[in-house]
Every structure is written in C-alpha cells, then in structure tokens.
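Enquirer: Next up is a structure, given as structure tokens.
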Amino acid sequence: MKVALLTNVFFPVVNGVVHSIHLLSKGLVRHGLKVSVVSSKHPKFNFELLSKYQINYNLIKLNSIYFPKVDYCIPNPLTLKQEVKKIDVEPNIIQINHPFIIFKMAKMLKKYNENSKVVFIYHTQYEQYYHYFKLMPKFLYERFLYNHLKEVFSFVDTVIFPSLSIKKSVEEKFDKFSRKFIFISNPVDLDHMENYSEKKVIELRKKYNLEGCFVLGFVGRLEKEKNLCKLLEFFREFLDFFRLSNPDGKVKLILVGGGSEYNNLVKYAGLLNIMDYVVFTDKVPYDEIPNYFRLIDVFVSFSLTEVKPLSYLESLSAKVPIISFKTFGADDLIIDGYNGYLIEYNDNYKKNFINTIYELYKSKELLSTLKENAYNSSKNYHYLNISKKYMDVYYDLTRESRNPVFK
C-alpha cells in the first residue's frame, strides 16, 4: 500500500504536527507500507536531516513561500498545479495534515488518482488561531472556517481526531459527518525520550543554576496561542506564595523553546521582576530535548488551544507529570491525580494551580508516584502502536487484502 502525507511544512521546522507526521511515517514503513511525505521546501532544508531524524520514507519537496518571523512555510499556490502533476507516487491513501492549501493540493492529487481514499487529520483547534488572520473580521473568519471545514469533511473519506474531546466537540457542530469521524492519538518516540545523558543533565543544571531548585517547566513553541504571558503572571504569584510558605526553598521556571514571542516574553518577565527565577533557553536541538525534560519536576501549561500536543506526550514519557487547564487535548491524556492534574479555567484557577503545585513540592512521595504513572501511561502512545491503528484504517478504507511486513 502507498500512502502520501501532505503537509505545509516539515523538518527543519520542529513542532508537534511535524513530529507526528514523522513518527507516523516511520512507523508505517516499519509495518511494510510505502510512504511519501509531500511538503513545501524550507530554505534551510538539507539532506543531513535524513540521518539526523532517521528518516526511512520518501520526501517530496515543493516550491514554497517562507514566513521567517514564525519560521513556517506553505506550498506556493502559484506553482501548485504544475508541481502536483509531478508527484508520481500513485497513492492508495492521500492524507491531509492541514486544511486550506493542503486541501487544495489533495483535491488536485485525487484527480490523477481517482481510486485513492482521502484522510484528514484534525491536528489543530483552528478557531483558536484567529490572531494569525487579524486582517479579516473575526465573524468572517469564523464563517469562512465553518464553511471550509464543511467542504473538507464532505470531500474526505475519514477524519481522524488525535483528541477524543475535540472529536466530540466537532461532532456537535458537524453531526452530519460524524460517521466519518474516528479517534486515534498522536504518537511519541519512547526510545528517543529515554536517550538522555545524565552527564549532560548535570551540566545543564549547573549552566542554568537549577541545582537544589524545584523546577516548573514548559517545552514548546513560544507563540501567542500557548498563553505564556499568563503563565509568567501566574509564576509571579506562585513565587510570592512560595517565598512566604517556604523561605529556605528555591523554585524556578524554565521555558524550553523558541518562537516569535521569545523577545516579548523575556521583556515581560523583566517587567514582572522575575528574571532571576525564569530561564529562557531559546530553540533547543531535537537530540537535546530528552536532557531538558530531565531538568523539570512538573510540566505546567496554560494553553487552551491544544489537540494532543507532542510536548505533553514527551513529558509523560520523560516521567514528568503535567498540570494544565482542563481543556481539549489534555482531558483525555492527563488522568487527574494519576499522571498529572487538570485545573478548571475559572476565577480560582491561579489559587488551584498554586495549591496543586505546592502539594507536589511538599510531598516527594506523591511526586515520585506521579512520575512513574506518567511514564506508564505514555506507553500507550508508542509510535509503532499508533501507526498500526492508522494502518488498520487505511486497509478498511481501501478494502485491500493485508500482507503486513514488519521491518
């Protein structure tokens, strides 16, 4: 079976969607499928990335438009038609990982491969990304998004939701298409996350002056939708509470990652007078991510826009429990009181975050239990298990006889 996964952007951009596509593709090849990832060509792409990420599938690069401020690409709409004609993979499955231009590309590719089945992965809470479309009035954006998703759902054969709660939410708006909707989680590479260096962790702890500290952390892109200004505001209040309750204790917050909001967040931390207690690492190489997770005692997220974020999956696999808002993408991954805690987004959220985190600081036994539970729960999301579930969907759609060859 041949599968073509269509995406706006791919490596060297590092984000949750890119890694989900990579791990899924890697797993599908291990299960005997022929996989091609079709994406725009990033200006910094080079073939050394093939060995760096152990890419075992075909890559097809298209002319792109690059947005340097957010380090993102999209296929060039002006040359799309000509380039799609050159995609000579004859896929049984066309998988769309973004709407808009990628949906347009899928429709073109389908014309040349009429028997192909089309799958759409609902990676993002698109309604929460209006800040990237501010030239359009919000009500028009919402109307456009609704009509576009309706068109996508009508065209595709199956829609896969990485979050069960997101699936239920979309079903309420698009009940007509609910028979096409299924749930499969995003994958994680447990082997990669276990490949850390204790020596390097010790060096990083010294570098960032974290020795003897209780460390709260966030790993991911520093963008507006991650709600990181609110995280800094909260940390200021937690710091005041912590000093009062535990004068001899030390606590720090580390933000691992880069993004367009990096400079603004550094300035804001300065305005809040907490720079002595906050570490900004900027972008971190993929190979180093497991080391950075080992610096963190508790992963804290204030994001309200996630679906099934890779950073949450990686956090659990690194034995780091998560405290986040009870929202889509978290409420079917975090088991409250088992591998983390879910906080209701209401007027008391800061107080509840503070009390929950301080309880973990006081009880090493409780924190240790949550760490082990976090790792155990992450095993469900191993990329070989998740890719097998995708493969089952593909075969059901095409009704091909199976001849699995696990490599």
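Enquirer: Name every residue in segment 45-70 that is in contact (Cβ under 8 Å) with a residue 60 or more places away in the chain and assigned to a loop (DSSP other than H, G, I, E, B), in order of residue number. Talk me through it step by step, then tell me what you get.
Expert: Let us first name the residues in segment 45-70 that are in contact (Cβ under 8 Å) with a residue 60 or more places away in the chain, namely 52-53, 69-70.
Matches in segment 45-70: Y53, K69, V70.
Enquirer: Would you point out which residue out of K167, K180 is touching a Ser or Thr at 6+ places or on another chain (Cβ under 6 Å) and open to solvent by less than 80 Å² (accessible area, probe 1.4 Å)?
Expert: Just a single option satisfies the conditions, and that option is K180.
Enquirer: Residues of segment 6-46 being farther than 22 Å from F67 by Cα and in contact with a strand residue (DSSP E or B) (Cβ under 6 Å, 6 or more places away or on another chain), which ones?
Expert: Passing the criteria: S25, L28, V29, L33, K34, V35, S36.
Enquirer: Exactly one of these conditions fails for N352: (1) crowded, with 23+ Cβ neighbours inside 10 Å; (2) within 19 Å of L232 (Cα to Cα). Give me its number.
Expert: Looking at each condition in turn, N352 falls short on (1).
Enquirer: Just name the residue that is most open to solvent (accessible area, probe 1.4 Å) out of those in segment 327-343 that are in contact with a helix residue (DSSP H, G or I) (Cβ under 6 Å, 6 or more places away or on another chain) and part of a strand (DSSP E or B).
Expert: Filtering first and then ranking leaves Y341.
Every residue, every condition in (1) modelled with pLDDT under 95; (2) basic (K, R); (3) surrounded by fewer than 18 Cβ atoms within 10 Å (Cβ to Cβ); (4) under 21 Å from the mean Cα position of the chain (by Cα), yes or no:
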site: L6; (1), (2), (3), (4): no, no, no, yes
site: F10; (1), (2), (3), (4): no, no, no, yes
site: V13; (1), (2), (3), (4): yes, no, no, yes
site: S40; (1), (2), (3), (4): no, no, no, yes
site: N46; (1), (2), (3), (4): yes, no, yes, no
site: K52; (1), (2), (3), (4): yes, yes, yes, yes
site: N58; (1), (2), (3), (4): no, no, yes, no
site: N63; (1), (2), (3), (4): no, no, yes, no
site: Y72; (1), (2), (3), (4): yes, no, no, yes
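Enquirer: Next question. Here are S260, S303, S324, S315: which of them is in a strand (DSSP E or B) and among the polar types (S, T, N, Q)?
Expert: Working: S260 fails: in a strand (DSSP E or B); S303 fails: in a strand (DSSP E or B); S315 fails: in a strand (DSSP E or B).
Criteria check complete, one pass: S324.
Enquirer: Sticking with this one: Among what's in segment 296-317 and is open to solvent by 10 Å² or more (accessible area, probe 1.4 Å) and hydrophobic (A, V, I, L, M, F, W, C), pick the residue that is farthest from Y358 (Cα to Cα).
Expert: L310
Enquirer: Consider segment 87-125. How many of its residues are open to solvent by 20 Å² or more (accessible area, probe 1.4 Å) and either acidic (D, E) or touching a helix residue (DSSP H, G or I) at 6+ places or on another chain (Cβ under 6 Å) (or both)?
Expert: 7
Enquirer: Only one residue in Y358, Y381 is more than 25 Å from the chain's Cα centre (by Cα) and either open to solvent by 20 Å² or more (accessible area, probe 1.4 Å) or acidic (D, E) (or both), so which one is that?
Expert: Details: Y381 fails: more than 25 Å from the chain's Cα centre (by Cα).
Going through Y358, Y381 in turn, the sole match is Y358.
Enquirer: Within segment 202-257, can you find the residues that are of a type in the set (A, V, I, L, M, F, W, C), open to solvent by 60 Å² or more (accessible area, probe 1.4 Å) and under 20 Å from S363 (Cα atoms)?
Expert: The answer is F241, L244.
Enquirer: Which one of the conditions (1) in contact with an Asp or Glu (Cβ under 9 Å, 6 or more places away or on another chain); (2) modelled with pLDDT of 95 or more; (3) closer than 30 Å to N263 by Cβ; (4) buried (at least 19 other Cβ atoms within 10 Å of the Cβ) does N76 fail to meet, given that it meets all the rest?
Expert: (4)
Enquirer: Sticking with this structure for a sec: For segment 361-373: of the residues being free of Cβ contacts under 8 Å to residues at least 12 places away in the same chain and open to solvent by 60 Å² or more (accessible area, probe 1.4 Å), which is farthest from L316 (Cα to Cα)?
Expert: Within segment 361-373, the match that is farthest from L316 (Cα to Cα) is K362.
Enquirer: Is there a residue in segment 19-31 that is assigned to a helix (DSSP H, G or I), open to solvent by 60 Å² or more (accessible area, probe 1.4 Å) and of a type in the set (D, E, K, R)? So that I can check it myself, show each step before the final result.
Expert: Kept after step one, since they are assigned to a helix (DSSP H, G or I), are these residues of segment 19-31: 19-30.
Those still in the list that are open to solvent by 60 Å² or more (accessible area, probe 1.4 Å) too: 30.
Subset that is of a type in the set (D, E, K, R): 30.
Scanning segment 19-31 turns up at least one residue that is assigned to a helix (DSSP H, G or I), open to solvent by 60 Å² or more (accessible area, probe 1.4 Å) and of a type in the set (D, E, K, R).
Enquirer: Moving to a separate point now. Taking the criterion of being among the acidic types (D, E) and either under 25 Å from V159 (Cβ atoms) or in contact with a Leu (Cβ under 6 Å, 6 or more places away or on another chain) (or both), would at least one residue in segment 340-351 satisfy it?
Expert: no
The values are calculated or read from the model by the stated rules, or taken from the named source; none is laboratory data. Source: prediction; values computed, not measured. FYI the Cβ positions are ideal-geometry reconstructions off the backbone, even for glycines, and counts take in every protein chain you see. These accessible areas exclude ligands, DNA and RNA; they are computed on the full protein's heavy atoms, side chains included. Shrake-Rupley method; radii C 1.70, N 1.55, O 1.52, S 1.80 Å.
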